[in-house]
Every structure is written in C-alpha cells, then in structure tokens.
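See structure below.
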Amino acid sequence: MSSAPQQTPVEETKTPENWQKMIKGKTPSQFTDPCHAAAKASFRCLDENNYDRDACLQIFADYRECKAAWIEQRRADRRAGRANF
C-alpha cells in the first residue's frame with residue numbers, strides 16, 4: 001500500500017454528457033445525471049485516499065464545473081425552445 005495520494009484522471013469529467021440524448025434513452029424510473037462520470041470519480045478518489053477530502057479538491061471542483069455547465073446548457077436550450085422533457 002502506498003502512502004502517496006492517488007489522483008484519478010478526470011479530464012473527461014469536466015464536461016457533461018449530452019443530456020437530451022440521455023433523457024430520450026431513459027426509462028421513467030431512471031435518474032438522469034450527465035455528470036455521473038465526475039460523481040463516480042469523486043467517490044473513487046475518496047475511497048483511494050481514505051476519505052481525505054483535501055486530496056480530492058480538484059476532482060470536486062471538476063464535478064462542480066460539470067454541473068454548472070450542464071445547468072447552463074439546459075437554461076440555454078430552454079431559452080432557445082429546445083427543451084425535450
């Protein structure tokens with residue numbers, strides 16, 4: 001077991017998946033989260049670093065960035081009349 005904290009590469013988790021495509025393909029009982037990869041990365045980081053939050057601050061910031069981008073994308077789509085739900 002190494003004592004150095006491990007960082008999980010999360011470059012692909014900074015941007016949300018296409019939420020409209022996710023909503024079209026889901027069943028009514030499924031929860032839709034285009035940032036699920038970033039959420040999983042944050043939990044994985046906590047597990048790998050013995051729940052030391054300070055070791056995962058960048059991953060948490062990436063998750064917040066992803067969520068903010070998703071919310072802004074949804075707002076822009078609603079303003080443009082492209083809300084598909």
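Each value in this text was obtained by applying a stated rule to the coordinates, not by laboratory testing. None of these values were measured; they are calculated from a predicted model. Positions of Cβ are generated from backbone atoms using ideal geometry, with glycine treated the same way; all protein chains shown enter the neighbour counts.
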(request) Would you mind computing, in nm to one decimal, how far apart the modelled labels at Phe43 and Leu57 are, each placed 7 Å from Cα along Cα→Cβ? (result) 2.5
(message) Can you compute the equivalent ellipsoid semi-axes for the stretch 35-85, i.e. the square root of 5 times each eigenvalue of the Cα gyration tensor, sorted largest first and rounded to whole Å?
(response) 31, 10, 5
